[in-house]
Amino acid sequence: MKLLITGGAGFIGSNFARYWTTQHPEDTVVILDKLTYAGNLQNIADIATRVTFVQGDICDTETVRQAMSGCSTVVHFAAESHVDRSIANPDVFIQTNVLGTHTLLRVARELDIARFHHVSTDEVLGQLPLETNERWDENSPYNPRSPYSASKAASDHLVRAYHTTYGLPITISNCANNYGPYLYPEKLLSLAITNLLEGKKVPIYGAGDQVREWLYVEDHCRGIEAILQKGTAGETYFIGPGEQRVTNLELIQKVLGMMGKNENSLEFVADRPGHDQRYALSIAKIERELGWHPTVALDDGLQRMIDWYSTNDIWWKPIKSGDYKKYYAQQYGTRG
Ligand code: NAD
Ligand code: DAU
């Protein structure tokens, strides 16, 4: 099989490319990635001989046509992915996440792609109250609340519309927060671990009482594999850790303990505007229908992640010393 991975130089896409080329060495893999601030060839340096890399924009029809030509399967990760950046500068989110996805769909239809898998997020559903234990399932209504999640919701709707209207064989996965190697150090866990390694504080938005669900990235890759192999065209599958409930503060307290730090390393800062309180996914459908289950417990995954960042400062130190500094100053002031 020839597979196109969009966004394969980013966090999850590069982990997926590594996973796929290890598990399916007979397949041909093409990565299409624009190499935005979040894309990094270092993320795929160790698998460079196993993939063909194309630098290009998913909004550009001719680039997409060339990259997709001869592929039977597309796994679409490319996106602007950081909520805080979408609040500061939403335009590029609409451009890439909505128009870019539409360009891919148009070309996938033209080239008769056998499976277009769209990687999406739990954030399209909005927020759940902190006071309940309610979980979303695949029939829950969409209610996105940030420019990022609204752009992802729009892309999900387009992907489904291409199935309903044109019969394009699509699948969609909506996943919880991923963590693990190569997570760009703007996201909570990688920011926290790298700041702590640098002797800096961890910024906690508001009171830190928001709840996210944390899935080790390799489990997400296995979930997408299960959908590609056993999923039904037209269907959506939720992927997450299942029964897990941890506030941001509790999560970072765990990390502090694992890294031999204490609460003096916390700094409570202004809350994110429109901050979603809680996400929680039921994973009953993918467990029941595809036999996928999460395998990495949170404490184990966190330890693996801390170990990886502790031994790979050669990866994250150059990132944190470049344009990132400007982003950090804008987002957090001079703290740190
Ligand atoms: P990321 O920001 O680490 O990587 C995104 C990649 O897409 C980068 O390599 C970037 O260069 C590339 N890209 C951006 N714009 C592009 C364009 N116009 N053309 C081509 N390439 C472009 O993101 P991630 O965290 O790996 O997320 C990947 C996907 O998974 C996204 O669609 C995101 O919405 C979804 N998702 C992420 C999470 C998470 O916790 N990170 C959870 C659920 C779903
Ligand atoms: O839920 C899936 C989503 O998870 C993905 O779709 C997004 O692409 C991904 O970025 C992630 O979004 P979040 O907003 O949940 O992740 P982030 O790491 O930015 O924040 C996690 C929580 O931590 C959130 O409640 C905000 C809070 N936070 C974040 C940062 C960066 C802080 O308290 N301090 C921080 O400095």
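If you put +1 on each Lys and Arg Cβ and -1 on each Asp and Glu Cβ, how big is the dipole of region 37-138 around its Cα centre, in Debye rounded to 20? In debye, rounded to 20, region 37-138 gives about 460. Centre-to-centre, using Cα atoms only, region 186-214 and region 128-180 are separated by 25 Å.
Convex hull volume of the C-alpha atoms in region 214-317, normalised per residue: 155 Å³.
Rg over Rh for region 1-158 works out to 0.99, both radii taken from alpha-carbon positions and Rh defined as the Kirkwood radius.
Averaging over all projection directions, the Cα-based convex hull of the chain occupies 15.5 nm² in the image plane.
Counting only DSSP beta bridges with both residues in the chain, the antiparallel share comes to about 10 percent.
Magnitude of the charge dipole for region 227-328, about its Cα centre and with charges confined to Cβ atoms of Lys, Arg (+1) and Asp, Glu (-1), is about 240 debye.
Between R65 and A284, the simple spin-label model (points 7 angstrom out along Cα→Cβ) gives 4.7 nm. Using a Debye calculation, one point per C-alpha and no hydration shell, please list log10 I(q)/I(0) for region 160-271 at q = 0.13, 0.17, 0.18 Å⁻¹ in order. With no solvent term, the Cα-only Debye profile gives -0.62, -0.86, -0.91.
Each Cα pair under 8 Å and six or more residues apart adds its separation to the average, and for region 193-336 the resulting relative contact order is 38 percent. Normalising the average separation of contacting C-alpha pairs (under 8 angstrom, six or more residues apart) by the number of residues puts the relative contact order of the chain at 17 percent. Listed peptides 243-252, 278-287 appear in the order 278-287, 243-252 once ranked by packing, highest mean of other Cβ atoms within 10 Å at the front. Spatial offset of region 1-73 relative to region 239-255 amounts to 30 Å, using the alpha carbon center of each.
Between E267 and H24, full extension at 0.36 nm per residue minus the direct alpha carbon distance yields a gain of 83.0 nm. When the C-alpha to C-alpha distance is required to be over 31 Å, the pairs from K2/K317; K230/K254; K230/K320; K152/K320 that qualify are K2/K317; K230/K254; K230/K320. A dipole drawn for region 227-336 from +1 and -1 charges on Cβ atoms has a positive end, and of Y327, F238, T311 the residue lying farthest that way is Y327.
A Förster radius of 41 Å, combined with the Cβ-Cβ distance separating S310 from D137, puts the computed FRET efficiency at roughly 0.60. Straight-line cross-link partners of K34 among the aspartates and glutamates, defined as a Cα under 13 Å from its Cα and at least 8 positions apart when in the same chain: D57, D60, E80.
What separates the Cα centres of region 263-336 and region 96-122 is a distance of 27 Å. For the chain, the Cβ-based charge dipole about the Cα centre amounts to some 480 debye (Lys, Arg positive; Asp, Glu negative; other atoms uncharged). Distances between placed amide hydrogens fall under 5 Å for L266 paired with V202, all partners being 5 or more residues away or on another chain.
Taken together, the values in this text are just the output of simple stated rules run on the coordinates, not laboratory data. Since we're looking at a predicted model, the values are computed, not measured. Cβ sites come from the backbone with ideal geometry, for glycine too, and all protein chains shown count toward neighbours.
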